[in-house]
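Trainee: First the structure, then my questions, so here it is.
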Amino acid sequence: MRLPIPLPPHLLRHLDGRTLSTALLDPLIRTTSSSPSTPHLSFSLFLLLLRSALRPSHLTFPFLGRAAARLASPRLALSLHAHPLRLGLLPCDLHVANSLVHMYAACALPDLARRLFDEIPQPNRVSWNALLDGYAKCHDLLSARWVFDRMPQRDVVSWSAMIDGCVKCGEHREALALFEMMETAAGSDHGVRANDVTMVSVLGACAHLGDLGRGRQMHRHLQERGFLLNLRLATSLVDMYAKCGAISEALEVFRAVPVTSTDVLIWNAVIGGLAVHGMGMETVEIFREMQHSGVVPDEITYLGLLSACVHGGLVDEAWRFFRSLEAQGLRPHVEHYACLVDVLGRAGRLEEAYGVVKSMPMEPSVSVLGALLNACHLHGWVELGEVIGRQLVQLQPDHDGRYIGLSNIYAVARRWQEAKKARKVMEERGVRKIPGFSEIDVGGRLRRFIAHDKIHSGSTEIYALLNLIAVEMKMKDAVAVPEYFCTD
């Protein structure tokens, strides 16, 4: 049988010697649409169906909608919509309509999803969830909340989509507030309990806020509610504990997962956590364990390793990891180059760092140039620092740190007039210096401390303690202490 559409051999075997029909093609369209690697073949089969003068069924379009959603292809989504419309399946066939609402949402076309939703005579909970998820994924929280508040009935999918939308948009406190609302509503007749998808988002919110107390509370919640600690939840817990500064608890969760059940994501979480805490050698040791486990590292793994080398001053190891990344057939991204430049620059190997920048196959980013500028400032290479500093000002003219970085380079060379001029240009362009701040959990409340701030009620005691720490640092290590530590 000669087909009008070229198909791969495994699909041809299903069709060989059989009469083409919609009933034969629909299951194949469904199978290919469900696979992460073959959704495009669903449309090849659909073209075969059309060119064979067959009529699609009401089952054909939900599968194709799923395939278009997986491919995130607006062009395919728009082309597909016309077919069920022409066959009279829209808007009355709820299954078809819901699948296309979801399709438009996944393709970042929330307005078209809303238009189709409004045409459905009696939208059900699946319809509402598809629209809500679309707005949330497109970072339109106002519209997502509008849909959420007007839903006739919410299920765990509704709550999870809204909470995840808040996390993805950086509204982490709002995400936790919604979770509390969900838990309160769970006590009523129509309430629903969180599932593992919900809890992954909630743990992500705790991680981004650095709220260790709330994170521990969520861990207890998982245990008390009898959650099976699957790999995704374990990875979220490791990430949360690491980002909240509790690296020992992160390792405890990690060690509780059988090595044979691990994947690259949980290894990346623990490697990244150790790296952030400056535990360079421990990070290298964990990576050796990863290699012995048989899990193949990816670009994120090597980024975590290079970051650990930066914090630990492991220059030779950084070069080794960078070359391993390339030898494994992975492509170094600009972030990998930034880490390599940073570790070389901190170690005083500025010529080498500059050589890496010049050899990059892509344009150096501000993170790469910023790492090189910091090295020039630290080690007094004023000539290169001035060139890089001016380049950064051109790249980010609205960034206060770029002017201050250039000014600091001039200050190292005692070129006071030029240092003053760099700051004056910043003022003339209306760029304001944003004061640095830290947030820490004190007594269950998140407290913000701003640089040079004396409004805080305990500022006298805080500065006294900082001065004491500064004196001890000078006595023990003879390191340069920032001036603001010694403010009266």
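The values are calculated or read from the model by the stated rules, or taken from the named source; none is laboratory data. Every value quoted in this text rests on a predicted model; they were computed, and no experiment measured them. Quick reminder, even Gly has a Cβ in these numbers, built from the backbone with ideal geometry, and neighbours come from all protein chains shown. SASA here: full protein model, heavy atoms, side chains in, ligands and nucleic acids out. Shrake-Rupley method; radii C 1.70, N 1.55, O 1.52, S 1.80 Å.
Trainee: If A375 passes every condition in (1) under 20 Å from C309 (Cβ atoms); (2) surrounded by fewer than 18 Cβ atoms within 10 Å (Cβ to Cβ); (3) in contact with a Lys or Arg (Cβ under 9 Å, 6 or more places away or on another chain) but one, which one does it miss?
Mentor: All conditions pass for A375, except number (2).
Trainee: Now a separate question. Collect the residues in the stretch 71-85 that are open to solvent by 30 Å² or more (accessible area, probe 1.4 Å), over 13 Å from L50 (Cβ atoms) and aliphatic (A, V, I, L, M), keeping them in residue-number order.
Mentor: Keep residues of the stretch 71-85 that are open to solvent by 30 Å² or more (accessible area, probe 1.4 Å), which gives 71-72, 74-76, 78-79, 81-83, 85.
Next cut, over 13 Å from L50 (Cβ atoms) only: 71-72, 74-76, 78, 81, 85.
Of everything in the stretch 71-85, those that are open to solvent by 30 Å² or more (accessible area, probe 1.4 Å), over 13 Å from L50 (Cβ atoms) and aliphatic (A, V, I, L, M) turn out to be L71, A72, L76, L78, L85.
Trainee: Same structure, new question: List every residue pair whose Cβ atoms lie under 6 Å apart, where the two residues are 6 or more positions apart in sequence or sit on different chains, the first residue falls within the stretch 23-38 and is touching a residue at least 12 places away in the same chain (Cβ under 8 Å), and the second residue, located anywhere, is assigned to a helix (DSSP H, G or I) and polar (S, T, N, Q).
Mentor: D26/T60; I29/S42; T32/S42; S33/S42
Results for (1) modelled with pLDDT of 95 or more; (2) assigned to a loop (DSSP other than H, G, I, E, B); (3) charged (D, E, K, R), shown as yes or no for each residue.
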{"site": "L85", "(1), (2), (3)": "no, no, no"}
{"site": "C92", "(1), (2), (3)": "no, yes, no"}
{"site": "Y104", "(1), (2), (3)": "no, no, no"}
{"site": "A108", "(1), (2), (3)": "no, yes, no"}
{"site": "A113", "(1), (2), (3)": "no, no, no"}
{"site": "Q122", "(1), (2), (3)": "no, yes, no"}
{"site": "Q153", "(1), (2), (3)": "no, yes, no"}
{"site": "L176", "(1), (2), (3)": "yes, no, no"}
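Trainee: Among the residues of the stretch 295-304, is there at least one that is under 22 Å from the mean Cα position of the chain (by Cα), part of a helix (DSSP H, G or I) and small (G, A, S)? So that I can check it myself, show each step before the final result.
Mentor: Our first condition is that a residue be under 22 Å from the mean Cα position of the chain (by Cα); within the stretch 295-304, this holds for 295-304.
Within this subset, residues satisfying the condition of being part of a helix (DSSP H, G or I) are 299-304.
Okay, now just the ones that are also small (G, A, S), so 304.
Yes, the stretch 295-304 has at least one match.
Trainee: Also, quick follow-up: Mind telling me which of the residues A108, A207 ends up being free of Cβ contacts under 8 Å to residues at least 40 places away in the same chain and in contact with an Asp or Glu (Cβ under 9 Å, 6 or more places away or on another chain)?
Mentor: Numbers: A108 fails: in contact with an Asp or Glu (Cβ under 9 Å, 6 or more places away or on another chain).
That would be A207, the only listed residue that is free of Cβ contacts under 8 Å to residues at least 40 places away in the same chain and in contact with an Asp or Glu (Cβ under 9 Å, 6 or more places away or on another chain).
Trainee: How about the stretch 58-70: which of its residues are part of a helix (DSSP H, G or I), open to solvent by 10 Å² or more (accessible area, probe 1.4 Å) and closer than 18 Å to D93 by Cβ? Explain how you work it out, then say what you get.
Mentor: The first filter runs over the stretch 58-70 and keeps only residues part of a helix (DSSP H, G or I), leaving 60-70.
From what is left, the residues that are open to solvent by 10 Å² or more (accessible area, probe 1.4 Å) are 62-63, 66, 69-70.
If the condition is that a residue be part of a helix (DSSP H, G or I), open to solvent by 10 Å² or more (accessible area, probe 1.4 Å) and closer than 18 Å to D93 by Cβ, then P62, F63, R66, A69 are the ones that fit.
Trainee: Still on this structure, please answer the following. Within the stretch 345-368, which residues are open to solvent by less than 50 Å² (accessible area, probe 1.4 Å) and in contact with a Gly (Cβ under 9 Å, 6 or more places away or on another chain)?
Mentor: Step one: of the stretch 345-368, the residues open to solvent by less than 50 Å² (accessible area, probe 1.4 Å) are 345, 348, 350, 353, 355-357, 360, 364-366, 368.
Passing the criteria: only A353.
Trainee: Let me ask something additional. Restricting attention to the stretch 133-154, does a residue exist that is farther than 25 Å from V101 by Cα and touching a helix residue (DSSP H, G or I) at 6+ places or on another chain (Cβ under 7 Å)? Steps first, please.
Mentor: Residues of the stretch 133-154 farther than 25 Å from V101 by Cα: none.
Checked the stretch 133-154: no residue is farther than 25 Å from V101 by Cα and touching a helix residue (DSSP H, G or I) at 6+ places or on another chain (Cβ under 7 Å).
Trainee: Determine the pairs where a residue that is closer than 23 Å to G278 by Cα, located within the stretch 221-243, has a partner that is assigned to a loop (DSSP other than H, G, I, E, B) and open to solvent by less than 50 Å² (accessible area, probe 1.4 Å) with Cβ atoms under 7 Å apart, the partner being 6 or more residues away or on another chain.
Mentor: Sorted first by the residue in the stretch 221-243, then by its partner, the pairs are A234/V257; K243/G210.
Trainee: Can you tell me which residue within the stretch 178-231, out of those that are part of a loop (DSSP other than H, G, I, E, B), surrounded by 13 or more Cβ atoms within 10 Å (Cβ to Cβ) and of a type in the set (G, A, S), is modelled with the lowest pLDDT?
Mentor: G191
Trainee: Another question, then. For the stretch 156-177, how many residues meet the condition of being of a type outside the set (A, V, I, L, M) and open to solvent by 30 Å² or more (accessible area, probe 1.4 Å)? Reasoning before the result, please.
Mentor: So the first thing to find is which residues in the stretch 156-177 are of a type outside the set (A, V, I, L, M), and the list is 158-160, 164-166, 168-174.
Still in the running and open to solvent by 30 Å² or more (accessible area, probe 1.4 Å): 164, 168-171, 173-174.
The qualifying residues number 7.
Trainee: Could you tell me whether R447 is of a type outside the set (D, E), over 30 Å from R331 (Cβ atoms) and in a loop (DSSP other than H, G, I, E, B)?
Mentor: Taking the combined requirement at face value, the residue does not satisfy it.
Trainee: Kindly evaluate R115 against the criterion of being out of contact with any Cys (no Cβ under 8 Å at 6 or more places or on another chain) and surrounded by fewer than 16 Cβ atoms within 10 Å (Cβ to Cβ). Lay out the reasoning, then the answer.
Mentor: Working: out of contact with any Cys (no Cβ under 8 Å at 6 or more places or on another chain): yes; surrounded by fewer than 16 Cβ atoms within 10 Å (Cβ to Cβ): yes.
Against the criterion (out of contact with any Cys (no Cβ under 8 Å at 6 or more places or on another chain) and surrounded by fewer than 16 Cβ atoms within 10 Å (Cβ to Cβ)), R115 qualifies.
Trainee: Out of all the residues in the stretch 1-26, which are at pLDDT below 90 and not aliphatic (A, V, I, L, M)?
Mentor: From the stretch 1-26, those at pLDDT below 90 are 1-20; that's our starting set.
Correct list: R2, P4, P6, P8, P9, H10, R13, H14, D16, G17, R18, T19.
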